[in-house]
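Participant: Structure below; questions to follow.
Coordinate-derived values only; no laboratory data. Nothing here was measured: the structure is a model prediction, and the numbers come from that model. As a convention, Cβ positions derive from the backbone with ideal geometry for all residues, glycine included, and neighbour counts pool all protein chains shown.
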Amino acid sequence: MTAIAKPSITEIRQWLSEVPDPEIPVISLTDLGIIRDVTWDDETLVVTVTPTYSGCPATSIINLDIEAALRQRGIDRLRLERSLSPPWTTDWISPEGRDKLRNYGIAPPIDGTAADGRMRERARQLADGSNLAVACPRCGSHLTEKVSQFGSTPCKASYRCRECLEPFDYFKCI
Amino acid sequence: MATLDLAVDQAALFECLLRLGDNTLVLGHRVSEWCGHSPVLEEDIALANTALDLIGQTQLWLGLAGEVEGKGRTADNLAYLRDAAAFRNLLLVERPNGDFGQTLMRQFLFDAWHFEMLTALTRSADKRVAEIAAKALKEVAYHLERSSDLVIRLGDGTAESHRRMQRALDDLWSYTGEMFVTDDADKAMAEAGIMPDPASLRGPWEARIRDVLAEATLAVPTGTYVHKGGRKGVHTEHLGFILADMQFLQRAYPGATW
């Protein structure tokens with residue numbers, strides 16, 4: 001083992017960028033922004049992962065997938081760490097990740113629209129800023145409406161396009 | 001790993017972490033009872049997602065509680081292997097689901113408190129507490145937005161939905177006072193700067209709920225009687241039934257995994 005050079009962090013990040021999110025397989029773990037750190041602790045590789053939602057059932061699968069992908073590349077000394085702070089935000093989803101989501105039929109998050117508990121001000125903010133309207137990932141129309149704040153997974157809301165009439169998921173901002 | 005601060009009363013910290021974790025655990029379980037039974041599909045999904053967030057937060061709070069206790073108990077051990085008298089949740093969260101209106105009103109009254117509590121906890125002197133709170137707060141902001149919106153829509157809805165929402169509010173009102181009772185453990189936490197004095201949350205909570213209830217055309221009850229005991233382990237008969245359901249598997253088949 002000592003004779004073989006350790007793979008570089010860039011190389012490892014590249015491998016991780018090929019690991020799909022188990023719930024939304026078009027997007028990778030690095031696109032999602034949940035890989036917070038990759039570092040060598042002597043001979044052990046340490047990958048720090050942050051959960052998306054605290055109850056997201058994909059979290060344990062993600063850890064298994066990371067482990068499997070890295071072991072396949074010959075990394076046998078591996079430690080996964082969980083980091084809660086700073087908490088994950090959809091702002092960390094990469095531009096490529098947003099394109100992939102849109103092409104897959106999920107409207108990507110509009111940054112800065114996370115719920116913050118200020119209901120009235122927020123409702124006004126969302127109503128006033130017409131540019132904040134969620135665009136339909138199929139026809140691009142901004143004539144869309146929220147059906148429910150919660151969708152098929154904790155990270156998504158249900159929307160409907162009033163132009164092409166298709167229902168779609170919106171990856172909500174958090 | 002554990003940063004043991006000897007100046008902080010660890011028993012009080014454990015007690016208060018149980019209160020946070022038991023609230024989310026019991027309410028998460030209650031809300032999940034709706035799965036497959038909601039009035040409409042979207043609400044079924046919303047309730048299940050809310051329950052999932054709450055259970056996820058439970059893992060964090062009870063995980064930390066076990067770490068603070070230092071006896072090797074995991075979040076699962078604490079959830080599945082304690083009896084009712086060892087649970088520290090508010091009586092409000094163990095109230096039966098009732099109709100959809102009662103479930104929603106309970107959620108709204110709790111969310112409004114939860115939001116203020118977590119906001120205060122993000123400033124905790126204990127970094128571990130502050131981190132969990134910051135994570136949970138993002139999720140709870142969505143819970144509060146949803147429950148406020150629905151309370152307004154149903155309160156200011158049809159005569160029937162209004163009647164049911166008012167009845168739910170009247171029924172649950174006497175269970176809200178327990179959220180603001182301060183005991184010795186709370187005092188110890190407040191003095192250490194780890195958690196807020198529960199009494200300090202009443203003002204912001206009441207301002208918010210009055211705002212929403214007014215928009216929902218619902219009358220704020222005037223009763224001052226407070227049902228309490230849950231935070232000390234004195235529960236209503238409902239908790240035992242929840243635990244019988246929730247803990248059955250681990251009690252019957254200890255250590256079962258899949």
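Participant: Taking beta carbons within 10 Å but only from partner chains, what does the mean come to for residues B:44-50?
Facilitator: 5
Participant: Let me make sure I get this right: for region A:93-171, a, b and c are the square roots of the gyration tensor eigenvalues over alpha carbons, sorted descending. Under 1.5 in a/c it's rounded, otherwise prolate if a/b > b/c, else oblate. Which is it?
Facilitator: Cα axes put region A:93-171 in the prolate bin.
Participant: Filter the GluC sites (Glu not before Pro) in region A:37-120 down to the DSSP loop ones having no more than 16 other Cβ atoms within 10 Å, then list what survives.
Facilitator: Passing sites in region A:37-120 are A:GLU43.
Participant: Apply 1/(1 + (r/R0)^6) to the Cβ-Cβ distance of A:SER85 and A:CYS164, taking R0 = 56 Å, and write down the FRET efficiency to the nearest 0.05.
Facilitator: Efficiency for this residue pair is about 0.85.
Participant: Pop out the Kirkwood hydrodynamic radius of chain A from its pairwise C-alpha distances, inverse of mean 1/r, in Å to one decimal.
Facilitator: 17.7
Participant: Give the order of B:HIS227, B:HIS235 when sorted by the count of other beta carbons within 10 angstrom, beginning with the fewest.
Facilitator: B:HIS227, B:HIS235
Participant: Another question, then. At what distance in angstrom do the alpha carbon centres of region A:13-46 and region B:223-242 lie from each other?
Facilitator: Cα centroid of region A:13-46 versus Cα centroid of region B:223-242: 45 Å apart.
Participant: Below 8 Å between Cα atoms, with a sequence gap of 6+, how large is the relative contact order for chain A in percent?
Facilitator: 18
Participant: Net charge near B:ASP53: determine it from the other residues with C-beta under 15 Å of the C-beta of B:ASP53, scoring Lys and Arg +1 and Asp and Glu -1.
Facilitator: So the environment of B:ASP53 carries a net charge of +3.
Participant: Considering every Cα-Cα pair within the protein assembly as shown, what fraction, in whole percent, is farther apart than 27 Å?
Facilitator: 56
Participant: I've got another one for you. Need one value for A:156-164: mean number of C-beta atoms belonging to other chains within 10 Å of its residues' C-beta atoms.
Facilitator: Rounded to a whole number, the mean comes out at 1.
Participant: Something else now. Considering region B:53-176, what Rg and Dmax in Å follow from its alpha-carbon atoms?
Facilitator: Using the Cα atoms of region B:53-176, the pair Rg, Dmax is 16.7, 54 Å.
Participant: Here is a follow-up. Would you order A:TYR170, A:TYR104, B:TYR80 from fewest to most other beta-carbon atoms within 10 Å of each residue's own beta-carbon?
Facilitator: A:TYR104, B:TYR80, A:TYR170
Participant: A further question on this structure: May I ask for log10 I(q)/I(0) of region A:7-106 at q = 0.10, 0.23 Å⁻¹, from a Debye sum over the Cα atoms as equal point scatterers with solvent left out?
Facilitator: At q = 0.10, 0.23 Å⁻¹ the computed log10 ratios are -0.25, -1.32.
Participant: I would also like to ask the following. How are the Cα pair distances of chain B distributed, in percent, across 5 Å bins from 0?
Facilitator: 1, 6, 13, 18, 20, 17, 12, 7, 3, 1, 0, 0
Participant: If I model a spin label at B:TYR225 and A:LYS6 as a point 7 Å from the Cα along the Cα→Cβ vector, what separation in nanometres do I get?
Facilitator: Spacing of the two 7 Å Cα→Cβ label points: 6.7 nm.
Participant: Treat the count of other C-beta atoms within 10 Å as a stand-in for reagent exposure and order B:HIS37, B:HIS238, B:HIS114 from fewest to most.
Facilitator: If I rank by nearby Cβ atoms, fewest first, I get B:HIS37, B:HIS238, B:HIS114.
Participant: Over chain B, what is the mean sequence separation of C-alpha contacts under 8 Å (at least six apart), divided by residue count, expressed as relative contact order in percent?
Facilitator: RCO, chain B: 25 percent.
Participant: Given A:LYS6/B:LYS127; B:LYS71/B:LYS187; A:LYS172/B:LYS71; A:LYS146/B:LYS232; B:LYS138/B:LYS187; B:LYS71/B:LYS135, which pairs have Cα atoms separated by over 30 Å?
Facilitator: Table pairs above 30 Å Cα-Cα are A:LYS6/B:LYS127; A:LYS172/B:LYS71; A:LYS146/B:LYS232.
Participant: Strictly under 4.7 angstrom between C-beta atoms: which cysteines of the protein assembly as shown have no such partner?
Facilitator: A:CYS56, A:CYS155, A:CYS173, B:CYS16, B:CYS35
Participant: Run the numbers on region A:93-171 and let me know its relative contact order in percent, using alpha-carbon pairs under 8 Å that are six or more apart.
Facilitator: Once normalised by length, the contact order is 26 percent.
Participant: Right, another one. Okay, helix-only estimate at 222 nm for chain B: each DSSP H run of n ≥ 4 adds -39500 (n - 2.57), divide by all residues, round to 500 deg cm²/dmol; what do you get?
Facilitator: Calculated at 222 nm, the ellipticity per residue is -21500 deg cm²/dmol.
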